[in-house]
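Working notes, beginning with the structure itself.
The values are calculated or read from the model by the stated rules, or taken from the named source; none is laboratory data. Quick caveat, the model's predicted, so the values are computed rather than measured. Cβ atoms come from the backbone with ideal geometry, glycine included; neighbour counts cover every protein chain shown. For accessibility, only protein heavy atoms count, side chains too; no ligands or nucleic acids. Shrake-Rupley method; radii C 1.70, N 1.55, O 1.52, S 1.80 Å.
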Amino acid sequence: MKNIAGKSCILTGASRGIGRAIALRLAAEEVLVTAIARDEQALGELCAENPGIHAAPCDITDEDGVKRITTEHVERHGGLDILINNAGMGTFGPLEEVSYRDFLRTMEVNAGGTYLCMQAALPHMKAAGDGDIINISSVVGLKGYPDQAAYGASKHAVMGLTRSIAAEAAPAGVRVRAICPGGVDTDLIRQARPDLDPGTLIQTDDVAEALIFMLKMSETGITDFLPIRRKGSEPQL
Ligand SMILES: NC(=O)c1ccc[n+]([C@@H]2O[C@H](COP(=O)([O-])OP(=O)(O)OC[C@H]3O[C@@H](n4cnc5c(N)ncnc54)[C@H](OP(=O)(O)O)[C@@H]3O)[C@@H](O)[C@H]2O)c1
(Lines give C-alpha, C1' and ligand atoms only; values in the text may rest on other atoms or scores of the structure.)
Protein backbone atom coordinates (compact mmCIF):
# COMPACT_ATOMS: atom_id res chain seq x y z
CA MET A 1 0.00 0.00 0.00
CA LYS A 2 1.16 3.53 -0.78
CA ASN A 3 1.82 6.26 1.77
CA ILE A 4 -0.39 9.25 0.88
CA ALA A 5 0.89 11.63 3.60
CA GLY A 6 2.04 14.93 2.08
CA LYS A 7 0.03 14.50 -1.11
CA SER A 8 -2.32 17.28 -2.14
CA CYS A 9 -5.97 16.99 -3.07
CA ILE A 10 -8.86 19.04 -4.40
CA LEU A 11 -12.14 17.79 -2.93
CA THR A 12 -15.58 19.08 -3.95
CA GLY A 13 -18.68 19.05 -1.77
CA ALA A 14 -16.69 19.20 1.46
CA SER A 15 -19.16 21.29 3.48
CA ARG A 16 -21.29 18.38 4.73
CA GLY A 17 -22.24 14.73 4.28
CA ILE A 18 -19.86 12.34 2.53
CA GLY A 19 -17.49 15.13 1.44
CA ARG A 20 -16.98 16.38 4.99
CA ALA A 21 -16.17 12.84 6.16
CA ILE A 22 -13.69 12.45 3.27
CA ALA A 23 -12.03 15.80 4.11
CA LEU A 24 -11.54 14.78 7.75
CA ARG A 25 -10.23 11.32 6.79
CA LEU A 26 -7.77 12.83 4.27
CA ALA A 27 -6.59 15.34 6.88
CA ALA A 28 -6.00 12.45 9.31
CA GLU A 29 -3.77 10.88 6.62
CA GLU A 30 -1.88 14.22 6.39
CA VAL A 31 -3.13 14.90 2.87
CA LEU A 32 -3.29 18.65 2.13
CA VAL A 33 -6.84 19.40 1.02
CA THR A 34 -8.42 22.25 -0.93
CA ALA A 35 -12.09 22.00 0.04
CA ILE A 36 -14.71 23.29 -2.40
CA ALA A 37 -18.41 23.96 -1.68
CA ARG A 38 -20.73 26.99 -1.72
CA ASP A 39 -21.38 27.20 2.05
CA GLU A 40 -18.55 29.48 3.22
CA GLN A 41 -19.48 29.23 6.89
CA ALA A 42 -19.43 25.41 6.93
CA LEU A 43 -16.10 25.37 5.07
CA GLY A 44 -14.71 27.98 7.49
CA GLU A 45 -15.64 25.82 10.48
CA LEU A 46 -14.11 22.72 8.87
CA CYS A 47 -10.83 24.54 8.19
CA ALA A 48 -10.65 26.23 11.60
CA GLU A 49 -10.54 22.79 13.23
CA ASN A 50 -8.17 21.30 10.61
CA PRO A 51 -5.17 23.38 9.50
CA GLY A 52 -4.41 20.97 6.62
CA ILE A 53 -7.70 21.88 4.93
CA HIS A 54 -7.94 25.07 2.86
CA ALA A 55 -11.39 26.55 2.13
CA ALA A 56 -12.17 27.40 -1.49
CA PRO A 57 -15.80 28.55 -1.69
CA CYS A 58 -17.11 28.04 -5.21
CA ASP A 59 -19.99 26.64 -7.23
CA ILE A 60 -18.50 23.79 -9.29
CA THR A 61 -20.46 24.93 -12.34
CA ASP A 62 -18.47 28.20 -12.29
CA GLU A 63 -15.82 27.36 -14.92
CA ASP A 64 -13.59 30.36 -14.15
CA GLY A 65 -13.85 29.68 -10.39
CA VAL A 66 -12.85 26.03 -10.79
CA LYS A 67 -9.88 26.99 -13.00
CA ARG A 68 -8.73 29.68 -10.56
CA ILE A 69 -8.96 27.37 -7.52
CA THR A 70 -7.05 24.63 -9.37
CA THR A 71 -4.29 27.06 -10.42
CA GLU A 72 -4.03 28.45 -6.88
CA HIS A 73 -3.84 24.90 -5.45
CA VAL A 74 -1.01 23.99 -7.83
CA GLU A 75 0.86 27.19 -6.92
CA ARG A 76 0.37 26.51 -3.19
CA HIS A 77 1.45 22.85 -3.27
CA GLY A 78 3.67 22.60 -6.35
CA GLY A 79 1.22 20.23 -8.06
CA LEU A 80 -2.04 18.35 -7.69
CA ASP A 81 -1.96 14.66 -6.76
CA ILE A 82 -5.63 13.85 -6.13
CA LEU A 83 -9.00 15.16 -7.35
CA ILE A 84 -12.18 13.92 -5.68
CA ASN A 85 -15.41 14.90 -7.42
CA ASN A 86 -17.95 14.43 -4.66
CA ALA A 87 -20.23 17.51 -4.86
CA GLY A 88 -23.69 16.57 -6.03
CA MET A 89 -27.39 17.32 -5.76
CA GLY A 90 -30.64 15.76 -6.83
CA THR A 91 -34.13 16.54 -7.96
CA PHE A 92 -36.48 13.67 -7.28
CA GLY A 93 -40.01 12.73 -8.24
CA PRO A 94 -42.00 11.31 -11.15
CA LEU A 95 -40.90 12.45 -14.61
CA GLU A 96 -44.07 14.50 -15.06
CA GLU A 97 -43.31 16.51 -11.91
CA VAL A 98 -39.61 17.32 -12.33
CA SER A 99 -39.18 20.38 -14.54
CA TYR A 100 -36.80 20.42 -17.48
CA ARG A 101 -34.98 23.29 -15.76
CA ASP A 102 -34.39 21.07 -12.68
CA PHE A 103 -33.26 18.21 -14.94
CA LEU A 104 -30.71 20.50 -16.61
CA ARG A 105 -29.44 21.88 -13.29
CA THR A 106 -28.95 18.33 -11.96
CA MET A 107 -26.99 17.44 -15.09
CA GLU A 108 -25.04 20.69 -14.86
CA VAL A 109 -23.93 20.18 -11.26
CA ASN A 110 -23.37 16.41 -11.17
CA ALA A 111 -22.00 15.80 -14.66
CA GLY A 112 -20.96 19.32 -15.70
CA GLY A 113 -19.18 20.12 -12.43
CA THR A 114 -17.32 16.80 -12.58
CA TYR A 115 -16.34 17.57 -16.17
CA LEU A 116 -15.05 21.06 -15.34
CA CYS A 117 -13.02 19.89 -12.32
CA MET A 118 -11.42 17.06 -14.33
CA GLN A 119 -10.72 19.43 -17.23
CA ALA A 120 -8.92 21.83 -14.87
CA ALA A 121 -6.98 19.11 -13.00
CA LEU A 122 -5.95 16.67 -15.71
CA PRO A 123 -3.26 18.77 -17.47
CA HIS A 124 -1.35 19.10 -14.18
CA MET A 125 -1.55 15.36 -13.50
CA LYS A 126 -0.60 14.44 -17.06
CA ALA A 127 2.41 16.76 -16.85
CA ALA A 128 3.48 15.04 -13.61
CA GLY A 129 2.85 11.58 -15.10
CA ASP A 130 0.89 10.60 -12.00
CA GLY A 131 -2.39 11.30 -10.25
CA ASP A 132 -5.67 9.96 -8.94
CA ILE A 133 -9.17 11.13 -9.82
CA ILE A 134 -12.04 9.55 -7.91
CA ASN A 135 -15.61 10.45 -8.81
CA ILE A 136 -18.36 9.80 -6.29
CA SER A 137 -21.05 8.37 -8.53
CA SER A 138 -23.83 6.17 -7.13
CA VAL A 139 -25.53 2.84 -7.49
CA VAL A 140 -28.06 5.09 -9.29
CA GLY A 141 -25.34 5.52 -11.95
CA LEU A 142 -25.48 1.77 -12.62
CA LYS A 143 -29.16 0.90 -12.28
CA GLY A 144 -32.54 2.55 -12.85
CA TYR A 145 -34.70 3.64 -9.91
CA PRO A 146 -38.21 5.17 -9.98
CA ASP A 147 -38.53 8.91 -9.29
CA GLN A 148 -34.79 9.43 -9.90
CA ALA A 149 -34.62 10.07 -13.67
CA ALA A 150 -32.71 13.36 -13.51
CA TYR A 151 -30.36 12.19 -10.77
CA GLY A 152 -29.95 8.79 -12.45
CA ALA A 153 -29.14 10.34 -15.83
CA SER A 154 -26.57 12.62 -14.22
CA LYS A 155 -24.90 9.72 -12.37
CA HIS A 156 -24.87 7.54 -15.51
CA ALA A 157 -23.15 10.54 -17.15
CA VAL A 158 -20.59 10.56 -14.33
CA MET A 159 -19.89 6.89 -15.11
CA GLY A 160 -19.46 7.72 -18.79
CA LEU A 161 -17.07 10.53 -17.94
CA THR A 162 -15.14 8.26 -15.56
CA ARG A 163 -14.77 5.46 -18.12
CA SER A 164 -13.85 7.84 -20.96
CA ILE A 165 -11.29 9.89 -19.00
CA ALA A 166 -9.87 6.71 -17.44
CA ALA A 167 -9.02 5.51 -20.96
CA GLU A 168 -7.76 8.94 -21.98
CA ALA A 169 -5.58 9.53 -18.92
CA ALA A 170 -4.20 6.02 -18.29
CA PRO A 171 -1.36 6.33 -20.84
CA ALA A 172 -0.14 9.38 -18.90
CA GLY A 173 -0.09 7.43 -15.61
CA VAL A 174 -3.28 8.98 -14.20
CA ARG A 175 -5.82 6.66 -12.54
CA VAL A 176 -9.49 7.62 -12.90
CA ARG A 177 -12.04 5.63 -10.91
CA ALA A 178 -15.51 5.92 -9.40
CA ILE A 179 -17.18 4.86 -6.17
CA CYS A 180 -20.86 3.87 -6.43
CA PRO A 181 -22.38 3.87 -2.95
CA GLY A 182 -25.91 2.80 -2.11
CA GLY A 183 -27.91 4.87 0.37
CA VAL A 184 -25.64 6.88 2.69
CA ASP A 185 -26.92 8.65 5.81
CA THR A 186 -26.87 12.30 4.62
CA ASP A 187 -29.27 15.15 3.75
CA LEU A 188 -29.39 13.95 0.13
CA ILE A 189 -30.78 10.47 0.87
CA ARG A 190 -33.36 11.92 3.25
CA GLN A 191 -34.56 14.03 0.30
CA ALA A 192 -34.36 11.21 -2.26
CA ARG A 193 -35.64 8.28 -0.16
CA PRO A 194 -37.54 9.42 2.94
CA ASP A 195 -39.01 5.89 3.03
CA LEU A 196 -35.66 4.28 3.97
CA ASP A 197 -34.94 3.34 7.58
CA PRO A 198 -31.92 5.50 8.62
CA GLY A 199 -30.60 2.53 10.60
CA THR A 200 -30.04 0.59 7.36
CA LEU A 201 -27.98 3.29 5.63
CA ILE A 202 -24.23 3.34 4.93
CA GLN A 203 -22.27 5.72 7.16
CA THR A 204 -20.28 8.58 5.60
CA ASP A 205 -17.10 7.36 7.35
CA ASP A 206 -17.40 4.01 5.52
CA VAL A 207 -17.40 5.74 2.12
CA ALA A 208 -14.39 7.81 3.22
CA GLU A 209 -12.60 4.63 4.31
CA ALA A 210 -13.22 2.97 0.91
CA LEU A 211 -11.79 6.03 -0.82
CA ILE A 212 -8.64 6.04 1.34
CA PHE A 213 -8.18 2.33 0.54
CA MET A 214 -8.37 3.10 -3.20
CA LEU A 215 -5.82 5.91 -2.91
CA LYS A 216 -3.39 3.72 -0.98
CA MET A 217 -3.65 0.76 -3.35
CA SER A 218 -0.41 0.23 -5.23
CA GLU A 219 -0.43 0.67 -9.02
CA THR A 220 -0.04 -3.06 -9.53
CA GLY A 221 -3.07 -3.60 -7.31
CA ILE A 222 -5.30 -1.95 -9.90
CA THR A 223 -6.42 -4.13 -12.77
CA ASP A 224 -8.72 -3.08 -15.59
CA PHE A 225 -9.55 -3.69 -19.20
CA LEU A 226 -7.90 -0.39 -20.01
CA PRO A 227 -4.33 -0.07 -21.25
CA ILE A 228 -2.52 0.86 -18.05
CA ARG A 229 0.92 2.39 -18.33
CA ARG A 230 3.05 1.37 -15.41
CA LYS A 231 5.76 3.93 -14.78
CA GLY A 232 8.77 3.22 -16.97
CA SER A 233 7.06 0.56 -19.06
CA GLU A 234 5.18 0.36 -22.33
CA PRO A 235 1.36 0.44 -22.23
CA GLN A 236 -0.11 -3.01 -21.56
CA LEU A 237 -3.25 -4.05 -23.38
N1 LIG B 1 -26.29 10.07 0.26
C2 LIG B 1 -26.38 9.03 -0.56
O3 LIG B 1 -27.18 8.10 -0.36
C4 LIG B 1 -25.48 8.94 -1.76
C5 LIG B 1 -25.37 7.69 -2.39
C6 LIG B 1 -24.55 7.58 -3.52
C7 LIG B 1 -23.86 8.69 -3.96
N8 LIG B 1 -24.00 9.91 -3.34
C9 LIG B 1 -23.26 11.04 -3.88
O10 LIG B 1 -22.34 11.48 -2.91
C11 LIG B 1 -22.04 12.85 -3.13
C12 LIG B 1 -22.20 13.61 -1.82
O13 LIG B 1 -23.58 13.53 -1.44
P14 LIG B 1 -24.09 13.62 0.06
O15 LIG B 1 -24.99 12.48 0.24
O16 LIG B 1 -22.96 13.84 1.00
O17 LIG B 1 -25.00 14.92 -0.08
P18 LIG B 1 -25.12 16.25 0.77
O19 LIG B 1 -25.02 15.97 2.22
O20 LIG B 1 -26.34 16.93 0.25
O21 LIG B 1 -23.81 17.08 0.34
C22 LIG B 1 -23.66 17.54 -0.96
C23 LIG B 1 -22.38 18.34 -1.05
O24 LIG B 1 -22.23 18.83 -2.40
C25 LIG B 1 -22.05 20.24 -2.36
N26 LIG B 1 -22.61 20.86 -3.55
C27 LIG B 1 -23.85 20.68 -4.06
N28 LIG B 1 -24.01 21.45 -5.16
C29 LIG B 1 -22.84 22.12 -5.34
C30 LIG B 1 -22.39 23.06 -6.28
N31 LIG B 1 -23.17 23.49 -7.29
N32 LIG B 1 -21.14 23.54 -6.16
C33 LIG B 1 -20.34 23.13 -5.14
N34 LIG B 1 -20.71 22.25 -4.23
C35 LIG B 1 -21.96 21.75 -4.31
C36 LIG B 1 -22.74 20.69 -1.08
O37 LIG B 1 -22.17 21.88 -0.59
P38 LIG B 1 -22.84 23.35 -0.65
O39 LIG B 1 -24.32 23.18 -0.50
O40 LIG B 1 -22.17 24.04 0.50
O41 LIG B 1 -22.43 23.89 -1.97
C42 LIG B 1 -22.40 19.54 -0.13
O43 LIG B 1 -21.11 19.74 0.42
C44 LIG B 1 -23.00 13.32 -4.23
O45 LIG B 1 -22.35 13.33 -5.47
C46 LIG B 1 -24.08 12.26 -4.20
O47 LIG B 1 -24.74 12.15 -5.45
C48 LIG B 1 -24.79 10.05 -2.24
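Structure data summary
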{"quantity": "Accessible solvent surface per residue of the chain, calculated while the other protein chains remain in place, 1.4 angstrom probe, Å²", "calculated": "48 Å²"}
{"quantity": "Area accessible to solvent at ILE202, 1.4 Å probe radius, in Å²", "calculated": "60 Å²"}
{"quantity": "Rounded tilt (10° steps) of 40-49 against the dominant C-alpha axis of the chain", "calculated": "50 degrees"}
{"quantity": "Peptides ranked, highest mean first, by Cβ atoms within 10 Å: ranges 4-13, 204-213", "calculated": "4-13, 204-213"}
{"quantity": "Percent carbon-and-sulfur accessible area, region 8-221, ignoring ligands, DNA and RNA, probe 1.4 Å", "calculated": "52 percent"}
{"quantity": "Acute angle (nearest 10 degrees) that the helix 113-128 long axis makes with the longest principal axis of the chain, alpha-carbon atoms", "calculated": "10 degrees"}
{"quantity": "Inter-label distance, nm, simple model (7 Å from Cα along the C-beta direction), GLU75/LEU95", "calculated": "4.9 nm"}
{"quantity": "TYR151 accessible area, 1.4 Å probe, all protein chains in place, Å² to nearest 10", "calculated": "20 Å²"}
{"quantity": "Under the Karplus curve 6.51 cos²θ - 1.76 cosθ + 1.60, θ = phi - 60°, whole-Hz ³J(HN,Hα) for region 84-93, x wherever Gly or Pro sits", "calculated": "10, 8, 10, 4, x, 8, x, 10, 10, x"}
{"quantity": "Among GLY221, GLY131, GLY17, residue whose mean-square fluctuation peaks in a GNM of the chain (springs only between Cα atoms under 10 Å)", "calculated": "GLY221"}
{"quantity": "Most positive-pole-ward Cα, ALA121, THR200, SER164, against dipole of the chain from beta carbon charges", "calculated": "SER164"}
{"quantity": "Extended-chain gain in nm, criterion 0.36 nm per residue less alpha-carbon gap, GLU168 and ARG68", "calculated": "33.6 nm"}
{"quantity": "Kirkwood-based shape ratio for the chain, expressed as Rg/Rh from alpha carbons", "calculated": "0.96"}
{"quantity": "Rg(Cα) / (2.2 N^0.38 Å) computed for region 106-211, rounded to two decimals", "calculated": "1.16"}
{"quantity": "Gain in span if fully extended, ALA48 to ILE222, counting 0.36 nm per residue against the direct Cα distance", "calculated": "59.1 nm"}
{"quantity": "Tilt relative to the chain, helix 204-216 - C-alpha long axis, 0 to 90 degrees, to 10", "calculated": "20 degrees"}
{"quantity": "Using θ = phi - 60° and Karplus 6.51 cos²θ - 1.76 cosθ + 1.60, couplings along region 33-38 (whole Hz; Gly, Pro as x)", "calculated": "10, 9, 9, 9, 5, 8"}
{"quantity": "Added length on full extension, which subtracts the Cα-Cα distance from 0.36 nm per residue, ASP187 to VAL139", "calculated": "15.6 nm"}
